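*Asks:* A single structure is presented below for examination.
Read the figures in this text as sums done on the coordinates, not as results from a lab. Remember, it's a predicted structure, so these values are computed and weren't measured experimentally. All Cβ positions, even for glycine, are placed from backbone atoms using ideal geometry, and neighbour counts span all protein chains on display.
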Amino acid sequence: MKQADHWVDARVVSTEDIAEDVRRVCFAPEAELPGFDPGSHLRIEVPLGGGTTLRSYTCVPSPEGTLGVAVKRRVNSRGGSAYIWSLSEGDRVRVTLPENRFALSWRAPQYLLLAGGIGITPILGMARALTARGADVALHYGAERPGAMAYRAELEALLGPRARFYSDADGERPDLHALIAELHPEAELYMCGPLPMLEAAKSAWAAAGRPISRLRYEVFGDSGAHAERPFEVEVAGLERTVTVAEDETLLSALLEAGVEMIYDCQRGECGLCSVDVLEASGTLDHRDVFFSESEKQAGDKMCACVSRLVGGKARIDIGYRA
């Protein structure tokens, strides 16, 4: 199962390096471009392994009539980062029109925005929109180094002292418990970044007794606790063994091998692609936000679209019955 994307042809009209290892690419779609809200994303068709796969990227501010994405160059790219960085002006691509699964509620008396690394891409648009409406909003943004902070100058000008920046290289981290404690009782938190940051913020939010309905987040599909390594899975019922390369997901490897799967978001959020892990010789690297921490600790399920095995082999059940 796939979501009803509206695919269009598009042409690359500009590329620009906006921070260390971060490049903005703008596309001109050959279709009327609808309006879209902050947090929207598009999908790009990426050539990979003789076929194609899909990658999702947040829409960032770009010239009128274009769609822009800002992509971090990753050493262990699963294909998307390397492909986007290879594009030049005039290249043609297939993209979807924007869709939003990370929308602002516009209902809160106060907003806290958290971003880690390239996770600033959806948060930037939110900061712009909230500021334009005169909302009570603060931003806390961390990255490996100051030079890796895309859009920092714009955010400083936009928010002034309401924006704080943290450098991992300098040992700087936000005090999440203190930030959350200072919020209005009905405040909302929006965040996007690597999985450890999100888990820390979720834990602090829960410890403060805040309602989960006022916490919204996105996660990187390639944000895990371990480096990517090849592994194998044996599919119960089909008695078929599939090898998953370090630069592909379990879901894409299964589909490529002709194994029918149910899936949708491909970002570890909806849980449709989850499989039962019957046995495993390697550690499970959970990269989803669908399963709870206790479910991840149990180690008997995983989201095929983002989660991996740290080497070794697993026997999985996809629900197939003869």
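*Asks:* Can you bin the range 3-112 into rounded, prolate or oblate? Criterion: square roots of the alpha carbon gyration tensor eigenvalues sorted a ≥ b ≥ c, rounded for a/c under 1.5, prolate for a/b above b/c, oblate for the rest.
*Replies:* Taking the square roots of the gyration eigenvalues as a ≥ b ≥ c, the range 3-112 is prolate.
*Asks:* Give me the Å³ per residue figure for the convex hull around the C-alpha atoms of the chain.
*Replies:* It comes to 140 Å³ per residue, whole-number rounded.
*Asks:* Moving on to the next point. Using the Kirkwood formula over every pair of different C-alpha atoms, what hydrodynamic radius in Å results for the range 84-172? Before the final figure, lay out the partial values.
*Replies:* Working: mean 1/r = 0.0676 Å⁻¹.
Over the range 84-172, the inverse of the mean reciprocal pair distance is 14.8 Å.
*Asks:* What range in the chain is the longest one free of trypsin sites (Lys or Arg not before Pro) that are in a loop by DSSP and have at most 13 other Cβ atoms within 10 angstrom? Don't skip to the answer; put the middle values down first.
*Replies:* Numbers: sites that count: K2, R107, R133, R321.
The longest such stretch corresponds to 134-320.
*Asks:* Let me ask another. Could you tell me which of S281, G134, T121 has its Cα farthest along the dipole of the chain towards the positive end, charges placed at Cβ (Lys, Arg +1; Asp, Glu -1), taken about the Cα centre?
*Replies:* G134
*Asks:* Across the chain, how many lysine pairs, 8 or more apart or on two chains, come within less than 24 Å at their alpha-carbon atoms?
*Replies:* Numbers: K2/K301; K202/K296; K202/K301; K296/K313; K301/K313.
Lysine pair count for the chain: 5.
*Asks:* Grab the other residues whose beta carbon is less than 14 angstrom from that of A280, score K and R as +1, D and E as -1, and report the net. Please list the in-between numbers first.
*Replies:* Values: positive: R229, K296, K301, R308, K313, R315; negative: E232, E234, D276, E279, D285, D300, D317.
Result for the neighbourhood of A280: -1.
*Asks:* Name the shape class, rounded, prolate or oblate, that the alpha-carbon gyration tensor gives for the range 1-53, where a ≥ b ≥ c are the square roots of its eigenvalues, rounded holds for a/c under 1.5, and otherwise prolate holds if a/b is larger than b/c and oblate otherwise. Provide the component values of the computation, followed by the final result.
*Replies:* Details: a/c = 1.59, a/b = 1.14, b/c = 1.39.
It is oblate, given that a/c is not under 1.5 and a/b is not larger than b/c.
*Asks:* Most exposed first by the Cβ proxy, i.e. fewest other Cβ within 10 Å, how do I180, I18, I44 rank? Let's see the in-between values first.
*Replies:* Values: I180 20, I18 15, I44 24.
So the residues, fewest neighbours to most, are I18, I180, I44.
*Asks:* Of L159, T15, Y83, whose Cα points farthest to the positive end of the dipole of the chain (charges on the beta-carbon: +1 Lys, Arg; -1 Asp, Glu; origin at the Cα centre)?
*Replies:* Comparing the listed Cα positions along the dipole, L159 ranks first.
*Asks:* Residue-wise, which Karplus ³J(HN,Hα) couplings in Hz belong to the range 268-285, taking 6.51 cos²θ - 1.76 cosθ + 1.60, θ = phi - 60°, and x for glycine or proline?
*Replies:* Rounded to whole hertz, the list is x, 10, 8, x, 5, 8, 5, 10, 7, 9, 7, 7, 8, 9, x, 6, 7, 9.
*Asks:* Here is a further query. Over all directions, the average projected area of the alpha-carbon convex hull for the range 137-222 comes to how many nm²?
*Replies:* Mean shadow area of the hull around the Cα atoms is 6.1 nm².
*Asks:* What share of all Cα pairs of the range 231-317, in percent, falls into each consecutive 10 Å distance bin?
*Replies:* 19, 58, 23, 0
*Asks:* Quick query: amide H of R240 versus all other amide H atoms, modeled in the peptide plane; which residues come in under 5 Å with a sequence gap of 5 or more or a different chain?
*Replies:* The answer is V235.
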